[in-house]
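Single-structure report; data block below.
Just so it is clear, none of the values below were taken in a lab; they were calculated from the coordinates. Note that the structure is predicted; figures quoted are calculated from it, not measured. So basically every Cβ, Gly included, is an ideal-geometry build from the backbone, and we count neighbours across all protein chains shown.
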Amino acid sequence: MSFKNASFFSYTSAIQSHLNRHQRILRIILAASPGQLKPHIKDCVINDNGRLLVYVSSAVWASQLRFLTAQIKAAVNDQSNERIQQIRIRVLNPEPFKATVEEKKIFPSMQSIDLIKSSAEGSSDSKLKDALLSLSNTLKKHS
């Protein structure tokens, strides 16, 4: 079987047309939305029954966008050939958990650790002496 370019398939242009339609509607939605909402509006889908689904990044932004549905509906209907009857707001699933990169810990030099230990040995206060010795021992283990 040989490789076939995507343009070989007859439905490719229909899919591209559909995607262009959605991108055009998304641009209208973004233009009709306040600045603080724009980064949280992620995508939209319009079906042939006049229903527009708008996808946002979280429930907080979904509730904010619901107050603007009449404004968005009017903008889409005025600026496109679409006749939106209903707008539904949906929240996208959150991104999967990404572990943060642990920063490399910086420990004092052996010279500094020895200085802490010698300071502890010269201290007359027993609590301070114990604390400094404990600190120097812990730092030696981790360096």
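Overview of results
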| quantity | calculated |
| --- | --- |
| In degrees, nearest ten, helix 69-79 long axis to first principal axis of the chain (Cα) | 50 |
| Set Lys104/Lys127; Lys42/Lys104; Lys42/Lys73; Lys38/Lys104 screened for pairs whose C-alpha atoms are more than 28 Å apart | Lys104/Lys127; Lys42/Lys104; Lys38/Lys104 |
| The chain, relative contact order in percent, only Cα pairs under 8 angstrom and at least six apart counted | 17 |
| Computed FRET value (nearest 0.05) for Leu133 with Gln16, which takes r as the C-beta separation and R₀ as 41 Å | 0.05 |
| Mean ellipticity per residue at 222 nm, deg cm²/dmol - from DSSP H runs of n ≥ 4 across the chain, formula -39500 (n - 2.57) | -15000 deg cm²/dmol |
| Zero-based 10 Å bins, Cα pair distances in the chain, whole percents | 10, 24, 14, 10, 8, 10, 13, 9, 2 |
| Ordering of 31-41, 65-75 by packing [mean C-beta count within 10 Å, highest first] | 65-75, 31-41 |
| Whichever lysines have a C-alpha closer than 20 Å to that of Lys105, once near sequence neighbours (fewer than 8 apart) are set aside | Lys140, Lys141 |
| The range 61-138: GluC sites (Glu not before Pro) in DSSP loop, at most 13 other beta carbons within 10 Å | Glu102, Glu103 |
